[in-house]
Amino acid sequence: MVPRNDHIWIGLAVSFVVSFVAYGLFLQLGEWLTAGAGREITFRPRTLALMAICLNVLPMNVFRRTYRTRSLKGLVIGVMILAAAWFFYYGRELLNG
């Protein structure tokens, strides 16, 4: 039996929403830590973006446990798109330096 709401586009949407929301929350957390510590605490944007992409492991596990294979495929496709964009944007800096 195929679970309800098991579509590739749901996985794609979840991957992008989780990553963008997590990136925004990580930026906000950095500002809160800076304000609380009284000194500048900075995180590299490439590290925050990579952590936000990696947080997609949580919905990936949920889709796997609930047998939503199509949504899982969409999530993996979205993660690969985000990882390729991350590598395209930050890869030159990492490979040249």
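No value in this document is a laboratory result; all are computed from the given coordinates. These numbers were taken from a predicted model, which means no experiment stands behind them. Virtual Cβ from ideal backbone geometry, glycine too; neighbours counted across all protein chains shown.
Look at the dipole of the chain built from charges on Cβ: of 94, 58, 21, the Cα furthest out on the positive end belongs to 58.
First check a/c for region 8-96, with a ≥ b ≥ c the square roots of the eigenvalues of its C-alpha gyration tensor; if it is under 1.5, answer rounded, and if not, answer prolate when a/b is larger than b/c or oblate otherwise. Oblate. In a simple Cβ point-charge model (Lys, Arg +1; Asp, Glu -1; nothing else charged), the chain has a dipole of about 380 debye relative to its Cα centre.
Helix screen, the chain: DSSP H segments with Cα axial length of 27 Å or more and mean Kyte-Doolittle hydropathy at least 1.0 are 8-37.
Note on the chain: helix-only mean residue ellipticity at 222 nm, from DSSP H runs of 4+ residues weighted -39500 (n - 2.57) and normalised by residue number, equals -27000 deg cm²/dmol. In the chain the longest region clear of chymotrypsin sites (Phe, Trp or Tyr not before Pro) that are loop-assigned by DSSP and have at most 15 other C-beta atoms within 10 Å covers 1-42. Once the chain from residue 94 to residue 81 is taken as fully extended at 0.36 nm per residue, the excess over their C-alpha distance is 2.8 nm. Length available on full extension from residue 29 to residue 66: 0.36 nm per residue minus the Cα-Cα distance, which gives 10.2 nm. For labels at residue 7 and residue 41 in the simple 7 Å Cα→Cβ model, what's the distance in nm? Here the modelled spin labels are 4.2 nm apart.
Restricting the trypsin sites (Lys or Arg not before Pro) of region 32-70 to loop positions (DSSP other than H, G, I, E, B) with no more than 12 neighbouring Cβ atoms within 10 Å leaves 39.
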